[in-house]
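See structure below.
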Amino acid sequence: SALKKVKSPAAQEQSVKALEKFVDEVGAKRLTVEGLRRVADLAVSAAAATSNAKVKAACASLVGAAHRQVGLPFAAVVNGLAKKAGPALAKLVEEAIERNPHD
């Protein structure tokens with residue numbers, strides 16, 4: 001993902017939060033299927049690539065924001081990616097989805 005080029009955890013966190021703000025304000029439902037896949041991929045890959053708790057929390061929050069709006073189709077994509085990345089990440093994503101039920 002594009003965040004691989006961003007080395008600072010603070011900058012990574014802010015980048016993920018900016019995407020979450022976009023999802024909240026513009027609406028995840030306006031994104032194409034490919035756009036939603038990219039959001040899921042960014043959240044999972046950024047969380048997998050860091051040990052920084054704030055970046056992981058921002059990624060979980062992004063997953064939650066997209067799931068609230070899109071629901072099961074997004075959950076299926078993001079869960080699949082997270083399970084490939086490992087059990088800890090799968091748990092992070094599952095918890096984010098549970099805390100943010102589809103509207």
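The values are calculated or read from the model by the stated rules, or taken from the named source; none is laboratory data. In this text, all values refer to a predicted model and were calculated from it rather than measured experimentally. A quick note on method: Cβ atoms are made from the backbone with ideal geometry, for glycine too, and the neighbour counts reach across all protein chains shown. For the accessible areas, the whole protein counts, side chains as well, though only heavy atoms, and no ligand, DNA or RNA atoms are used. Shrake-Rupley method; radii C 1.70, N 1.55, O 1.52, S 1.80 Å.
Using a probe of 1.4 Å, the accessible surface attributed to Leu72 totals some 140 Å² when neighbouring protein chains are kept in position.
Per-residue 3J(HN,Hα) values for the range 60-69, derived from phi via the Karplus relation 6.51 cos²θ - 1.76 cosθ + 1.60 with θ = phi - 60°, read 5, 5, 4, 4, x, 4, 5, 5, 3, 8 Hz in sequence order (x marks Gly and Pro).
Could you give me the percent of Cα pairs per 5 Å distance bin for the chain, shortest bin first, beginning at zero and ending with the bin that holds the maximum distance? Distribution as computed: 2, 15, 28, 27, 19, 7, 1 percent. Taking 23 Å as the limit for the C-alpha separation, the pairs Lys7/Lys29; Lys5/Lys29; Lys54/Lys91; Lys21/Lys84 exceed it in the case of Lys7/Lys29; Lys5/Lys29; Lys21/Lys84. Both numbers refer to the Cα atoms of the range 33-84; Rg and Dmax are 10.2, 29 Å. Taken over the range 1-50, the alpha-carbon convex hull comes to 61 cubic angstrom per residue. Backbone phi angles across the range 4-20, fed through the Karplus curve with coefficients 6.51, -1.76 and 1.60 (θ = phi - 60°), yield HN-Hα couplings of 4, 7, 8, 8, 6, x, 5, 5, 4, 4, 5, 5, 5, 5, 5, 5, 4 Hz in residue order; Gly and Pro are listed as x.
Could you work out what % of the accessible surface of the range 19-80 is carbon and sulfur, using a 1.4 angstrom probe and leaving DNA, RNA and ligands out of the count? Roughly 57 percent, rounded to a whole number. Sparse packing (at most 10 other Cβ atoms within 10 Å of the Cβ) combined with a DSSP loop state is found for the following trypsin sites (Lys or Arg not before Pro) in the range 6-96: Lys7.
For Glu25, the accessible area of its heavy atoms, probed at 1.4 Å with every protein chain present, is near 130 square angstrom.
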